[in-house]
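To start, the structure under review is shown below, and the notes come after it.
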Amino acid sequence: MHRLKILREDLKHGVVELRVECEDDLWVLKGVIAKGDVVVAKTLRDVKIDGEGKRRLPMTLAIRVSDVYFQPFSGRLRIHGQIVEGPDEYGLRGSYHTLSIDVGSELAIIKPRWTRELLNRLRRASSRRVKALLVALDFDELAIAVALDQGIKLAIERSLPGLKDGGPSAEDIVREVAELAASVASREEPDVIIVASPSFLKDLVAESLRRKLSKPIYVDSVSEGGRAGVYEVIRRDAFRKVLHYHNVAVVEEIFEEFMRLLSSDSDRVAYGLQQVKVAAKEGAISKLLVCEDQLYSDARDEVEELMERVEESGGEVRIVPEESPTFTKVKAFGGVVAVLRYRLSYWDKMRETEVEG
């Protein structure tokens, strides 16, 4: 799979230049670019030209960011802000413009300061990532999805006719599912395919796909097909073994560890922003999950400071995408959860903090 290309780093002047190589890169940039940053990119702009009226011309503009817009799986990031630099002859400084960033775009991001956590997010995005196609079916339901760092993109979700007298045979169902999966694979270009089912259908579909596609194809068992089956695949060992560094797999694994400790050793976990901040101050956090929407809330500065502190103390920080099945589970705990290196008594620590304050 293509990965974000870091073209140049000039941290002394706060500049990082990048090239977008895949759709997931746009999701990463949405979380990295903040209000007040300056972004430089090529764009099209309507300008007035004497004797010719308005013309749309290509140019490079630098804007001070006021808003960032991204719709999951849309393939486009829009950055709105005030123009701070551009061709002098058109008098554009001070007016507003929206940059459209998509796959293939090059841009520079200028920040007053790049934290270790932000740089690590970019560097993770520039390392090897695997795009997986997930097929979950039984005799009644089918779902075909693509596992991306930004979440699970459902490509096909539909009912199947089941095995009935006079209806389609198992071979007919296998043929239809394999054709649909091959069609999605040709469009999405996954690195691997996982076919999962509670029945023998998984083996037949996988065998059919191997004849059509020259990609690694794995099979796994799930309790049901459809969307629920796709989400079950993510929790299965096969997915984690094949995609052990995939963001969706990692955040689910960390959350499961959090839940195990919550029930067996609750002083080894923290949840909710205030409780987690206390643990971070102690340098106790080994793994931190932050719901994506926390980065676009009024608490963004507070959350980014928390993430930076955890990174500096050697902890692992992961953003939980809104389009992942883990998101709602972490959201129920205040949008921030942490696994600790050692036990802490939070309420005592929080009372001490309140007294100090």
Suppose we keep only residues that are of a type in the set (Asp, Glu) and surrounded by 15 or more Cβ atoms within 10 Å (Cβ to Cβ) within the stretch 186-226. Which one would you say is modelled with the lowest pLDDT? ASP191
Return the pair list, or none, for Cβ contacts closer than 9 Å from residues in the stretch 139-159 that are in contact (Cβ under 8 Å) with a residue 60 or more places away in the chain to residues that are charged (D, E, K, R) and part of a loop (DSSP other than H, G, I, E, B), at least 6 apart or on different chains. ASP140/GLU224; GLU141/GLU224; ALA147/LYS131; LEU148/ARG129; LEU148/LYS131; ASP149/ARG129; GLN150/GLU322; GLY151/GLU322
What number of residues within the stretch 177-200 are under 18 Å from TYR231 (Cα atoms) and not in a loop (DSSP other than H, G, I, E, B)? 6
Residues that are closer than 27 Å to ARG187 by Cβ, touching a Gly at 6+ places or on another chain (Cβ under 7 Å) and assigned by TED's automatic domain parsing to the domain that holds VAL303, at least 3 per element: which strands (runs of 3 or more DSSP E) completely within the stretch 1-87 meet that? none
Kindly establish whether ILE110 is surrounded by fewer than 20 Cβ atoms within 10 Å (Cβ to Cβ) and touching a residue at least 12 places away in the same chain (Cβ under 8 Å). yes
Candidate set from the stretch 125-158 (those that are touching a strand residue (DSSP E or B) at 6+ places or on another chain (Cβ under 7 Å) and not in a strand (DSSP E or B)); member that is surrounded by the fewest Cβ atoms within 10 Å (Cβ to Cβ): ASP140
List the pairs whose first member sits in the stretch 250-271 and is assigned by TED's automatic domain parsing to the domain that holds VAL337, whose second member is crowded, with 20+ Cβ neighbours inside 10 Å and part of a helix (DSSP H, G or I), and whose Cβ atoms are under 7 Å apart, counting only residues at least 6 apart or on separate chains? GLU252/ILE234; PHE255/VAL330; LEU261/ARG268; VAL269/PHE258; ALA270/VAL276; ALA270/ALA279; ALA270/TYR346
Condition first: farther than 30 Å from GLY314 by Cβ, at pLDDT 95 or above and in a loop (DSSP other than H, G, I, E, B). Can you find one or more residues in the stretch 105-119 that meet it? yes
What are the pairs with Cβ atoms under 8 angstrom where one residue, in the stretch 313-333, is not assigned by TED's automatic domain parsing to the domain that holds LYS153 and the other, located anywhere, is in a loop (DSSP other than H, G, I, E, B) and among the polar types (S, T, N, Q)? Sequence gap at least six, or different chains. VAL320/THR326; PRO321/GLN150; GLU323/GLN150
Which condition number does TYR231 fail, the rest of (1) closer than 19 Å to ALA332 by Cα; (2) touching a helix residue (DSSP H, G or I) at 6+ places or on another chain (Cβ under 8 Å); (3) not assigned by TED's automatic domain parsing to the domain that holds ALA332 being met? (2)
I need the full set of residues from the stretch 57-83 which are modelled with pLDDT under 90 and more than 21 Å from SER297 (Cβ to Cβ), in order please. PHE73, SER74, GLY75
Out of LEU261, LEU289, sole residue that is farther than 15 Å from ALA332 by Cβ, at pLDDT 95 or above and either in a strand (DSSP E or B) or more than 17 Å from the chain's Cα centre (by Cα) (or both): LEU261
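From SER95, SER105, grab the single residue that is among the polar types (S, T, N, Q), farther than 30 Å from LEU209 by Cβ, assigned by TED's automatic domain parsing to the domain that holds GLY14 and surrounded by 17 or more Cβ atoms within 10 Å (Cβ to Cβ).
The unique qualifying residue is SER105.
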Any chance SER183 is touching a residue at least 12 places away in the same chain (Cβ under 8 Å) and surrounded by fewer than 18 Cβ atoms within 10 Å (Cβ to Cβ): no
GLY75 being in contact with a helix residue (DSSP H, G or I) (Cβ under 6 Å, 6 or more places away or on another chain), in contact (Cβ under 8 Å) with a residue 24 or more places away in the chain and under 21 Å from VAL32 (Cα atoms): yes
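The values are calculated or read from the model by the stated rules, or taken from the named source; none is laboratory data. Being a predicted model, the structure only gives us computed values, none of them experimental. Every residue, glycine as well, gets a Cβ built from its backbone with ideal geometry; the counts of neighbours run over all protein chains shown.
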